[in-house]
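Structure first, then comments.
The values are calculated or read from the model by the stated rules, or taken from the named source; none is laboratory data. In this text, all values refer to a predicted model and were calculated from it rather than measured experimentally. For neighbour counting, all protein chains shown are included, and Cβ atoms are generated from backbone atoms with ideal geometry for every residue, glycine included.
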Amino acid sequence: MLDIQHISLSYDVIVALDDVSLAVKRNETVSIIGPTGSGKSTLLHCISGLVSYESGTLTVGGMNPAELPRGDIGMVFQENNLFPHMTVLQNMTVAPVHVHGRSRSESEAEALELLSSVGMWERKGAYPGELSLGQRQRVAIARSMMMHPQVLLLDEPTASLDLVSASEVADVIRGLKKNDMTIVLVTHNVDLAVEVSDRIVFMCDGKVCESGTPQQISDNPQDQRTRDFMTSARCLVYEVKSEQYDHPELNARIEHFCGRYRLGTRTVHSIQLVVEELLNILPLEEGLTLTVSKSRDDIHLLIDISMPFSETDYLDEESVSDDLSYTIIRGMCDSIEEGTDESGDKHIHVEIRGDVL
Ligand code: ADP
Ligand code: MG
């Protein structure tokens, strides 16, 4: 369906795409993930025909995208451009009626069907300004389906959405997949990519670094850059720069991290407490980096603290055994490890017990 061979594109000195090849089969859902600036949006723009590349070939259904009828390549971007002065239903039918010359009644019937499939039938008479971001995004996806695209391109469709709205958009994407749509999804949301894709492509520095099934990319990435990206995408990394760190902000970040994994209030409080007690014991003047992540088996929560070169053992049982903070940590964690890595940085690693979460 989509065949990209060796395309490259530069903006002045910036190489946005560097010899990118990618093939997407009919009815396949492929997600593109990767750090900001890796060329993901540029690649979608090339597929849509909005941007022309310098070398290589790109075809959609065997054709040059620029020669395809309008709407054959559906596009939904983060800021969906619904017409603010038109109702949801009018937004849905304006292009089919005025561009494709389809009859109004037939278009409206189809629009209502699509709106009900994305859970927006009841809001057919609303104006975009009256809808939440997530609702607008669902309408935007339904609207692009009105043109019966050969391929649908989605660029960060869940960015800036809260968790509930994001999962509603994810449901819509799953629904499209069932209806045999060919989809290319660009997203920062690794969990979304794993959930909805047949294949995930990891881009870095304008290149396709690695591609594979969601399981391969998620559980066993081969390239170090993919591994680093997947790890950081799933962690909360927080730098404590001094004793005056922003305690409420750190707590809010922990809450957000837990929200992504639908972990409850109890878990939030447990992590916040262990983190607070750890920061009570450790010296903060030199700064440290705190990482919270889920274990591979999904059962444990891990907290890792990395500190610049230090020879002291802060959690040495003998010296802190009667310390209240230490007693709390001990009581809530399965294991507490303290060690030094090759570069001489100190690492403290604790595993919060499943039953306190
Ligand atoms: P991503 O979507 O992965 O974050 P982009 O495709 O937006 O990355 O950008 C890839 C690179 O190309 C970035 O370094 C970006 O700054 C640059 N870039 C993108 N669009 C333009 C543009 N219109 N003009 C100049 N540079 C651009
Ligand atoms: Mg982008």
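Points worth noting:
- Some residue of segment 22-31 being more than 30 Å from Thr231 (Cβ to Cβ), more than 13 Å from ligand 1 (Cβ to nearest atom) and among the small types (Gly, Ala, Ser): no
- Every residue from segment 50-62 that is within 16 Å of ligand 1 (Cβ to nearest atom) and buried (at least 18 other Cβ atoms within 10 Å of the Cβ): Tyr53, Leu58
Conditions (1) among the small types (Gly, Ala, Ser); (2) modelled with pLDDT of 90 or more, marked per residue:
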{"residue": "Arg260", "(1), (2)": "no, no"}
{"residue": "Gly264", "(1), (2)": "yes, no"}
{"residue": "Leu278", "(1), (2)": "no, yes"}
{"residue": "Ile281", "(1), (2)": "no, yes"}
{"residue": "Val292", "(1), (2)": "no, yes"}
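- Selected residue [more than 23 Å from Val164 (Cβ to Cβ), in contact with a Cys (Cβ under 9 Å, 6 or more places away or on another chain) and surrounded by 15 or more Cβ atoms within 10 Å (Cβ to Cβ)] from Asp304, Asp223, Asp323: Asp304
- Restricting segment 155-172 to residues that are touching a residue at least 40 places away in the same chain (Cβ under 8 Å) and under 14 Å from the mean Cα position of the chain (by Cα), the residue that is farthest from ligand 2 (Cβ to nearest atom): Leu163
- Filter result for Ser41 (among the hydroxyl-bearing types (Ser, Thr, Tyr), over 20 Å from His188 (Cβ atoms) and within 14 Å of ligand 1 (Cβ to nearest atom)): no
- Segment 10-42: number of residues that are in a strand (DSSP E or B) and either away from ligand 2 (no atom under 14 Å from the Cβ) or surrounded by fewer than 14 Cβ atoms within 10 Å (Cβ to Cβ) (or both): 13
- Flag for Pro65 being farther than 21 Å from Val190 by Cα, touching a Cys at 6+ places or on another chain (Cβ under 9 Å), touching a residue at least 12 places away in the same chain (Cβ under 8 Å) and away from ligand 1 (no atom under 15 Å from the Cβ): yes
- Residue in segment 70-77 that is within 16 Å of ligand 2 (Cβ to nearest atom) and part of a strand (DSSP E or B) present: yes
- Filter result (away from ligand 2 (no atom under 16 Å from the Cβ) and either of a type in the set (Val, Ile, Thr) or farther than 15 Å from Leu152 by Cβ (or both)) within segment 175-199: Thr182, Ile183, Asp191, Val194, Glu195, Val196, Arg199
- Test: residue in segment 159-173 that is farther than 26 Å from Ser107 by Cβ, in contact with an Asp or Glu (Cβ under 8 Å, 6 or more places away or on another chain) and in a loop (DSSP other than H, G, I, E, B): no
- Count of residues meeting criterion [within 15 Å of ligand 1 (Cβ to nearest atom), touching a Leu at 6+ places or on another chain (Cβ under 9 Å) and either closer than 28 Å to Ser218 by Cβ or among the β-branched types (Val, Ile, Thr) (or both)] in segment 1-21: 7
- Figure legend. Inter-residue proximity from segment 11-27: first residues under 29 Å from Asp180 (Cα atoms) and of a type in the set (Val, Ile, Thr), second residues away from ligand 2 (no atom under 16 Å from the Cβ) and outside any strand (DSSP E or B), beta-carbon distance below 6 Å, spacing 6+ or different chains. Indicated pairs: Val24/Met1.
- Residue satisfying all of: in segment 130-179; within 10 Å of Val76 (Cβ to Cβ) and within 16 Å of ligand 1 (Cβ to nearest atom); surrounded by the fewest Cβ atoms within 10 Å (Cβ to Cβ) among these: Glu156
- The C-beta contact set for segment 272-294 (first residue at positive phi, second residue surrounded by fewer than 17 Cβ atoms within 10 Å (Cβ to Cβ), distance under 8 angstrom, 6+ apart or interchain) comprises Gly287/Glu239; Gly287/Lys241; Gly287/Ser242; Gly287/Pro308.
- Filter pass, His347 being closer than 28 Å to Ala170 by Cα and surrounded by 12 or more Cβ atoms within 10 Å (Cβ to Cβ): no
- All positions within segment 88-109 that are buried (at least 17 other Cβ atoms within 10 Å of the Cβ) and either of a type in the set (Ser, Thr, Tyr) or touching a residue at least 12 places away in the same chain (Cβ under 8 Å) (or both): Val88, Leu89, Asn91, Met92, Thr93, Ala95, Pro96, Ser107, Glu108
- A single entry from Ser10, Ser117 fulfils the requirement of being of a type in the set (Ser, Thr, Tyr), over 14 Å from Met147 (Cα atoms) and under 24 Å from the mean Cα position of the chain (by Cα): Ser117.
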